[in-house]
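Quick note: the coordinates plus some simple rules give every number you see, no bench work behind them. Everything numeric in this text was worked out from a predicted model, so none of it was measured. In this analysis, Cβ positions are derived from the backbone assuming ideal geometry, glycine residues included, and neighbour counts consider all displayed protein chains.
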């Protein structure tokens, strides 16, 4: 019975391998012919190409600028109140590209992660100081432990405040990015 099963399996393998290889070869030849017959792509557009495009031609009659300045009726652009002066001592604002937004949000999230780890360590220290305070009989040692515990509690309050501020900063960054039309993937 085992011999029969082995012979049957060998016969099936020898029959199926050439048929599979032949159809795979035919498939590869057909795909190669299809690629040759298909015309190549004329132009691949990137984000840089889109930045170079002119603004759309259809503009409203007299829109207002987001700053509230009336728009010029002919061009549809805002009338400048006065020319802006460039301060030579002020550094140029960085380009607000993907790296800028990603770096900004990553930095804020890293600050929160670091402060939360520090907060957990402080809480562990406060718990240990509380247990140490109750175990001491000497008034001088108790006073020293109580002073250390108060300093740790003050530091814990400061770190908690920093976490709240950074959480608000993240929400502000996300809101600013949304207003600026930044793709959500840049903030992940």
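If you stretched the chain out fully between residue 153 and residue 51, how much longer would it get, using 0.36 nm times the residue separation minus the C-alpha to C-alpha distance?
Difference between extended and current length: 31.5 nm.
Could you give the nm distance between label points at residue 37 and residue 161, where each point is 7 Å from its Cα heading toward the beta carbon?
About 7.5 nm, to one decimal.
If you take the beta carbon distance between residue 178 and residue 117 as r and set R0 to 25 Å, what does 1/(1 + (r/R0)^6) give as a FRET efficiency, to the nearest 0.05?
After rounding to 0.05, the efficiency reads 0.30.
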